[in-house]
1. In the range 194-207, how many residues are open to solvent by less than 20 Å² (accessible area, probe 1.4 Å) and either modelled with pLDDT under 85 or within 13 Å of L255 (Cβ to Cβ) (or both)?
2. Would you mind stating whether F293 is within 20 Å of the chain's Cα centre (by Cα), modelled with pLDDT of 90 or more and more than 27 Å from M206 (Cα to Cα)?
3. Which of the residues that make up the range 256-286 are outside any loop (DSSP other than H, G, I, E, B) and buried (at least 19 other Cβ atoms within 10 Å of the Cβ)?
4. Which numbered condition trips up T238, out of (1) within 25 Å of G117 (Cβ to Cβ); (2) hydroxyl-bearing (S, T, Y); (3) crowded, with 20+ Cβ neighbours inside 10 Å?
5. Any residue at all in the range 166-187 that is open to solvent by 30 Å² or more (accessible area, probe 1.4 Å), farther than 25 Å from V79 by Cα and either at pLDDT 90 or above or assigned to a helix (DSSP H, G or I) (or both)?
6. Under 7 Å by Cβ, and 6 or more places apart or on different chains, what pairs join a residue from the range 186-198 that is more than 19 Å from D272 (Cα to Cα) with one that is part of a helix (DSSP H, G or I) and acidic (D, E)?
7. Which of the residues spanning the range 226-255 are assigned to a loop (DSSP other than H, G, I, E, B) and modelled with pLDDT of 90 or more?
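The values are calculated or read from the model by the stated rules, or taken from the named source; none is laboratory data. These numbers come from a predicted model, not from an experiment. Backbone-built Cβ (ideal geometry, glycine too); neighbour counts: all protein chains shown. Please note that ligands, DNA and RNA were not included when accessible areas were found on the heavy atoms of the full protein model with its side chains. Shrake-Rupley method; radii C 1.70, N 1.55, O 1.52, S 1.80 Å.
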Amino acid sequence: MARGLALLAVGVGAYYGLELADQVLMDRLAGGRQDLVIEPIESPPAPSPPPPRVAASSEGPGNAYVRRAALMLEEHSTVGVRIDQHGWIDGEPVKASGQYYQLGAGGQRQFLLEQTGQLAGFPTRLLRVSDSRFMWTDLAWGDPSQPNRSVTRVDLRKVRRAVEGSEDEEDQPLSDDPSAWSRFGGLPMLLAGLDESFTFGQPWLMQFRNERVAAMVGRWRPERLKQLYGHEEVPPRTPNHVVIALSETTGFPVLVEYRDNKDPLSAEGLADKTLLTSSNRPLFKLDLGAPTFDEHLDSRLFSYRPTKDDWSDQTDREVRLAAQSAGVVR
(Lines give C-alpha, C1' and ligand atoms only; values in the text may rest on other atoms or scores of the structure.)
Protein backbone atom coordinates (compact mmCIF):
# COMPACT_ATOMS: atom_id res chain seq x y z
CA MET A 1 0.00 0.00 0.00
CA ALA A 2 2.81 2.41 0.89
CA ARG A 3 4.53 1.73 -2.43
CA GLY A 4 1.26 2.29 -4.26
CA LEU A 5 0.71 5.62 -2.54
CA ALA A 6 4.22 6.69 -3.47
CA LEU A 7 3.56 5.80 -7.10
CA LEU A 8 0.37 7.80 -7.19
CA ALA A 9 1.85 10.72 -5.29
CA VAL A 10 4.59 11.34 -7.84
CA GLY A 11 2.51 10.39 -10.87
CA VAL A 12 3.02 6.86 -12.04
CA GLY A 13 4.86 7.79 -15.20
CA ALA A 14 7.26 10.08 -13.43
CA TYR A 15 7.88 7.40 -10.82
CA TYR A 16 9.51 5.04 -13.27
CA GLY A 17 11.27 7.90 -15.04
CA LEU A 18 12.88 9.28 -11.89
CA GLU A 19 11.45 8.10 -8.57
CA LEU A 20 12.78 4.57 -8.92
CA ALA A 21 16.26 6.04 -9.08
CA ASP A 22 15.54 8.26 -6.09
CA GLN A 23 14.72 5.30 -3.86
CA VAL A 24 17.96 3.55 -4.77
CA LEU A 25 19.96 6.73 -4.15
CA MET A 26 18.26 7.24 -0.81
CA ASP A 27 19.15 3.69 0.18
CA ARG A 28 22.76 4.43 -0.63
CA LEU A 29 22.59 7.74 1.19
CA ALA A 30 20.80 6.14 3.97
CA GLY A 31 -7.10 2.34 -24.51
CA GLY A 32 -7.86 0.34 -27.48
CA ARG A 33 -5.17 -1.23 -29.63
CA GLN A 34 -3.38 0.92 -32.18
CA ASP A 35 -1.83 -1.72 -34.42
CA LEU A 36 -1.59 0.17 -37.71
CA VAL A 37 2.00 1.20 -38.30
CA ILE A 38 2.06 3.64 -41.20
CA GLU A 39 5.73 4.22 -41.91
CA PRO A 40 9.07 4.67 -40.16
CA ILE A 41 10.33 8.21 -39.67
CA GLU A 42 13.48 8.53 -41.72
CA SER A 43 14.68 12.02 -40.79
CA PRO A 44 15.10 12.74 -37.07
CA PRO A 45 15.13 16.33 -35.81
CA ALA A 46 18.38 18.18 -35.44
CA PRO A 47 20.18 16.35 -32.62
CA SER A 48 20.46 18.01 -29.24
CA PRO A 49 23.09 16.91 -26.72
CA PRO A 50 22.10 14.12 -24.34
CA PRO A 51 21.84 14.78 -20.60
CA PRO A 52 25.32 15.12 -19.07
CA ARG A 53 24.84 12.05 -16.89
CA VAL A 54 24.27 9.62 -19.74
CA ALA A 55 26.65 8.22 -22.34
CA ALA A 56 26.37 9.30 -25.97
CA SER A 57 26.89 5.65 -26.93
CA SER A 58 23.51 4.75 -25.41
CA GLU A 59 21.68 7.35 -27.50
CA GLY A 60 18.97 5.98 -29.76
CA PRO A 61 17.35 7.49 -32.85
CA GLY A 62 14.27 8.40 -30.81
CA ASN A 63 15.93 10.25 -27.91
CA ALA A 64 16.21 13.48 -29.88
CA TYR A 65 12.42 13.38 -30.36
CA VAL A 66 11.85 13.10 -26.62
CA ARG A 67 14.15 16.06 -25.91
CA ARG A 68 12.51 18.09 -28.64
CA ALA A 69 9.10 17.34 -27.11
CA ALA A 70 10.29 18.75 -23.76
CA LEU A 71 11.55 21.89 -25.48
CA MET A 72 8.28 22.32 -27.38
CA LEU A 73 6.40 22.17 -24.09
CA GLU A 74 8.52 25.05 -22.84
CA GLU A 75 7.49 27.23 -25.78
CA HIS A 76 3.89 27.50 -24.52
CA SER A 77 2.90 30.06 -21.92
CA THR A 78 0.32 27.64 -20.48
CA VAL A 79 -0.64 23.98 -20.87
CA GLY A 80 -3.80 22.19 -19.75
CA VAL A 81 -4.69 18.53 -20.26
CA ARG A 82 -6.70 15.65 -18.81
CA ILE A 83 -4.60 12.70 -17.62
CA ASP A 84 -5.95 9.18 -17.10
CA GLN A 85 -3.66 6.56 -15.62
CA HIS A 86 -4.10 2.93 -14.77
CA GLY A 87 -2.08 -0.16 -14.08
CA TRP A 88 -1.41 -2.83 -11.47
CA ILE A 89 0.47 -2.82 -8.17
CA ASP A 90 1.16 -6.29 -6.78
CA GLY A 91 -1.93 -7.63 -8.52
CA GLU A 92 -4.16 -4.76 -7.40
CA PRO A 93 -5.55 -2.26 -9.92
CA VAL A 94 -4.73 1.44 -9.93
CA LYS A 95 -7.02 3.84 -11.74
CA ALA A 96 -7.00 7.62 -11.47
CA SER A 97 -8.09 10.58 -13.57
CA GLY A 98 -7.77 14.32 -13.34
CA GLN A 99 -6.29 17.51 -14.73
CA TYR A 100 -2.81 18.92 -15.22
CA TYR A 101 -2.06 22.63 -15.62
CA GLN A 102 1.25 24.35 -16.30
CA LEU A 103 2.15 28.05 -16.33
CA GLY A 104 5.53 29.44 -17.38
CA ALA A 105 8.76 27.63 -18.11
CA GLY A 106 12.18 26.75 -16.69
CA GLY A 107 12.80 27.84 -13.12
CA GLN A 108 9.60 29.91 -13.15
CA ARG A 109 7.37 27.01 -14.12
CA GLN A 110 4.26 26.55 -11.99
CA PHE A 111 2.10 23.46 -12.26
CA LEU A 112 -0.79 21.62 -10.70
CA LEU A 113 -1.73 17.93 -10.91
CA GLU A 114 -5.08 16.84 -9.50
CA GLN A 115 -6.07 13.16 -9.54
CA THR A 116 -8.86 11.09 -8.01
CA GLY A 117 -9.47 7.37 -8.32
CA GLN A 118 -8.95 3.94 -6.81
CA LEU A 119 -5.71 2.53 -5.44
CA ALA A 120 -5.79 -1.13 -4.39
CA GLY A 121 -9.51 -0.75 -3.65
CA PHE A 122 -9.12 2.49 -1.66
CA PRO A 123 -10.56 5.83 -2.81
CA THR A 124 -7.58 8.13 -3.33
CA ARG A 125 -7.12 11.84 -4.04
CA LEU A 126 -3.88 13.58 -4.99
CA LEU A 127 -3.08 17.26 -5.27
CA ARG A 128 0.44 18.28 -6.24
CA VAL A 129 0.99 21.99 -6.78
CA SER A 130 4.05 24.18 -7.31
CA ASP A 131 4.30 27.97 -7.42
CA SER A 132 7.96 27.55 -8.58
CA ARG A 133 9.26 28.31 -5.05
CA PHE A 134 7.54 25.57 -3.04
CA MET A 135 6.00 22.30 -4.10
CA TRP A 136 3.20 20.82 -2.02
CA THR A 137 1.87 17.27 -2.20
CA ASP A 138 -1.50 16.62 -0.54
CA LEU A 139 -2.49 12.95 -0.61
CA ALA A 140 -5.63 11.48 0.97
CA TRP A 141 -6.84 7.87 0.86
CA GLY A 142 -9.32 5.56 2.55
CA ASP A 143 -12.76 6.39 3.94
CA PRO A 144 -13.75 9.74 2.31
CA SER A 145 -15.46 10.85 5.55
CA GLN A 146 -12.28 10.27 7.61
CA PRO A 147 -9.43 9.79 5.14
CA ASN A 148 -5.81 9.16 5.94
CA ARG A 149 -3.83 12.15 4.81
CA SER A 150 -0.24 13.12 4.07
CA VAL A 151 0.90 16.68 3.28
CA THR A 152 4.51 17.47 2.40
CA ARG A 153 6.43 20.52 1.20
CA VAL A 154 9.73 20.97 -0.66
CA ASP A 155 11.66 24.25 -0.99
CA LEU A 156 12.48 24.18 -4.70
CA ARG A 157 15.00 27.04 -4.45
CA LYS A 158 17.27 24.88 -2.30
CA VAL A 159 16.84 21.90 -4.59
CA ARG A 160 17.73 24.00 -7.62
CA ARG A 161 20.92 25.17 -5.97
CA ALA A 162 21.84 21.53 -5.40
CA VAL A 163 21.23 20.78 -9.08
CA GLU A 164 23.29 23.78 -10.18
CA GLY A 165 26.04 23.07 -7.65
CA SER A 166 25.87 26.59 -6.20
CA GLU A 167 26.75 27.43 -2.62
CA ASP A 168 25.39 31.00 -2.75
CA GLU A 169 22.11 31.35 -0.92
CA GLU A 170 21.09 34.16 -3.29
CA ASP A 171 22.11 32.44 -6.53
CA GLN A 172 19.39 32.00 -9.10
CA PRO A 173 19.65 29.05 -11.48
CA LEU A 174 20.82 30.03 -14.96
CA SER A 175 20.05 26.94 -17.00
CA ASP A 176 17.09 26.92 -19.41
CA ASP A 177 17.44 23.19 -20.07
CA PRO A 178 14.14 21.49 -19.09
CA SER A 179 16.10 18.53 -17.71
CA ALA A 180 17.64 20.86 -15.11
CA TRP A 181 14.15 21.17 -13.63
CA SER A 182 13.06 17.63 -14.36
CA ARG A 183 12.86 16.60 -10.71
CA PHE A 184 9.95 18.96 -10.03
CA GLY A 185 8.75 20.13 -13.41
CA GLY A 186 5.49 18.36 -14.15
CA LEU A 187 5.28 16.96 -17.70
CA PRO A 188 8.77 18.17 -18.60
CA MET A 189 9.89 16.11 -15.58
CA LEU A 190 8.36 13.04 -17.18
CA LEU A 191 10.00 13.61 -20.57
CA ALA A 192 13.41 14.41 -19.12
CA GLY A 193 13.27 11.35 -16.90
CA LEU A 194 12.39 9.13 -19.84
CA ASP A 195 15.22 10.54 -21.93
CA GLU A 196 17.71 10.13 -19.12
CA SER A 197 16.72 6.56 -18.32
CA PHE A 198 15.88 4.95 -21.67
CA THR A 199 17.39 4.47 -25.12
CA PHE A 200 14.62 5.10 -27.64
CA GLY A 201 14.61 3.21 -30.91
CA GLN A 202 13.35 4.09 -34.37
CA PRO A 203 10.23 6.30 -34.25
CA TRP A 204 7.30 5.08 -36.32
CA LEU A 205 4.38 7.13 -37.58
CA MET A 206 1.08 5.67 -36.35
CA GLN A 207 -2.55 6.65 -36.06
CA PHE A 208 -3.73 7.24 -32.50
CA ARG A 209 -7.11 8.81 -31.63
CA ASN A 210 -7.43 10.20 -35.14
CA GLU A 211 -4.07 11.93 -35.12
CA ARG A 212 -0.64 10.98 -36.35
CA VAL A 213 1.93 10.30 -33.68
CA ALA A 214 5.59 9.31 -33.53
CA ALA A 215 5.61 6.11 -31.47
CA MET A 216 8.79 4.49 -30.16
CA VAL A 217 10.07 1.93 -27.69
CA GLY A 218 12.51 2.81 -24.89
CA ARG A 219 14.84 0.29 -23.27
CA TRP A 220 17.04 0.97 -20.26
CA ARG A 221 20.30 2.82 -20.82
CA PRO A 222 23.00 0.47 -19.49
CA GLU A 223 24.72 3.21 -17.50
CA ARG A 224 21.39 4.14 -15.89
CA LEU A 225 20.82 0.59 -14.67
CA LYS A 226 24.39 0.51 -13.40
CA GLN A 227 23.81 3.77 -11.54
CA LEU A 228 20.66 2.34 -9.96
CA TYR A 229 21.77 -1.16 -9.08
CA GLY A 230 25.49 -1.52 -9.68
CA HIS A 231 26.20 -5.23 -9.85
CA GLU A 232 23.03 -6.16 -7.96
CA GLU A 233 20.22 -8.08 -9.60
CA VAL A 234 17.55 -5.86 -11.15
CA PRO A 235 14.31 -6.21 -9.11
CA PRO A 236 11.45 -8.00 -10.91
CA ARG A 237 9.18 -4.96 -10.51
CA THR A 238 11.48 -2.85 -12.66
CA PRO A 239 9.91 -2.04 -16.06
CA ASN A 240 11.25 -4.04 -18.96
CA HIS A 241 10.61 -1.24 -21.46
CA VAL A 242 8.41 1.78 -22.13
CA VAL A 243 6.38 2.86 -25.16
CA ILE A 244 5.76 6.55 -25.81
CA ALA A 245 3.70 8.33 -28.48
CA LEU A 246 4.30 11.99 -29.35
CA SER A 247 1.96 14.11 -31.45
CA GLU A 248 3.45 14.63 -34.91
CA THR A 249 2.32 18.26 -35.01
CA THR A 250 2.85 19.48 -31.43
CA GLY A 251 5.31 16.96 -29.96
CA PHE A 252 2.96 16.56 -27.00
CA PRO A 253 3.12 13.17 -25.22
CA VAL A 254 -0.28 11.54 -25.75
CA LEU A 255 0.57 8.09 -24.39
CA VAL A 256 3.20 6.56 -22.08
CA GLU A 257 3.01 2.85 -21.25
CA TYR A 258 5.35 0.78 -19.08
CA ARG A 259 5.53 -3.02 -19.28
CA ASP A 260 7.10 -5.40 -16.77
CA ASN A 261 8.87 -8.68 -17.41
CA LYS A 262 5.66 -10.68 -16.96
CA ASP A 263 4.03 -8.96 -19.91
CA PRO A 264 3.93 -11.12 -23.08
CA LEU A 265 5.09 -8.02 -24.95
CA SER A 266 8.33 -8.18 -22.94
CA ALA A 267 9.32 -11.53 -24.44
CA GLU A 268 12.95 -11.61 -25.48
CA GLY A 269 13.75 -10.89 -29.10
CA LEU A 270 10.60 -8.98 -30.06
CA ALA A 271 11.23 -6.14 -32.51
CA ASP A 272 10.20 -2.59 -31.65
CA LYS A 273 7.57 -2.60 -34.39
CA THR A 274 5.88 -5.60 -32.71
CA LEU A 275 5.74 -3.76 -29.37
CA LEU A 276 3.86 -0.74 -30.73
CA THR A 277 0.47 -1.93 -29.54
CA SER A 278 -1.38 -1.58 -26.25
CA SER A 279 -0.67 -4.12 -23.52
CA ASN A 280 -3.61 -6.03 -22.07
CA ARG A 281 -2.17 -5.53 -18.57
CA PRO A 282 0.36 -2.70 -18.50
CA LEU A 283 2.48 -2.04 -15.47
CA PHE A 284 1.37 1.59 -15.79
CA LYS A 285 -0.24 3.55 -18.58
CA LEU A 286 -0.70 7.30 -18.91
CA ASP A 287 -3.30 8.42 -21.42
CA LEU A 288 -3.24 12.15 -22.03
CA GLY A 289 -6.16 13.91 -23.69
CA ALA A 290 -6.20 16.75 -26.18
CA PRO A 291 -4.11 19.56 -24.66
CA THR A 292 -4.95 23.25 -24.65
CA PHE A 293 -2.09 25.71 -25.10
CA ASP A 294 -1.58 29.39 -24.30
CA GLU A 295 -4.93 30.00 -22.63
CA HIS A 296 -5.19 32.31 -19.63
CA LEU A 297 -4.60 30.66 -16.24
CA ASP A 298 -4.99 32.54 -12.97
CA SER A 299 -1.71 32.31 -11.02
CA ARG A 300 -3.78 31.73 -7.86
CA LEU A 301 -4.47 28.25 -9.22
CA PHE A 302 -0.90 27.37 -8.22
CA SER A 303 -1.10 28.65 -4.65
CA TYR A 304 -1.52 26.22 -1.79
CA ARG A 305 -2.01 26.75 1.92
CA PRO A 306 -2.31 23.75 4.27
CA THR A 307 -5.44 23.60 6.37
CA LYS A 308 -3.57 22.06 9.33
CA ASP A 309 -0.10 22.24 10.85
CA ASP A 310 0.59 18.52 10.54
CA TRP A 311 2.59 18.71 7.31
CA SER A 312 6.21 17.66 6.90
CA ASP A 313 9.10 19.33 5.13
CA GLN A 314 11.09 17.02 2.82
CA THR A 315 13.52 19.60 1.48
CA ASP A 316 16.66 18.10 3.01
CA ARG A 317 15.87 14.70 1.54
CA GLU A 318 15.32 16.16 -1.92
CA VAL A 319 18.47 18.30 -1.71
CA ARG A 320 20.53 15.19 -1.02
CA LEU A 321 18.89 13.36 -3.92
CA ALA A 322 19.40 16.26 -6.31
CA ALA A 323 23.02 16.72 -5.31
CA GLN A 324 23.70 13.00 -5.65
CA SER A 325 21.99 12.81 -9.02
CA ALA A 326 23.85 15.88 -10.31
CA GLY A 327 27.20 14.56 -9.08
CA VAL A 328 27.63 17.40 -6.60
CA VAL A 329 29.67 16.48 -3.50
CA ARG A 330 28.26 18.02 -0.31
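1. 2
2. no
3. V256, E257, Y258, R259, L265, D272, L275, F284, K285, L286
4. Result: T238 passes all but (3).
5. no
6. P188/E74
7. Passing the criteria: N240, E248, T249, T250, G251, F252.
Here's the yes/no breakdown for (1) of a type in the set (V, I, T); (2) surrounded by 17 or more Cβ atoms within 10 Å (Cβ to Cβ):
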| position | (1), (2) |
| --- | --- |
| A56 | no, no |
| V79 | yes, yes |
| P93 | no, no |
| L103 | no, yes |
| Q115 | no, yes |
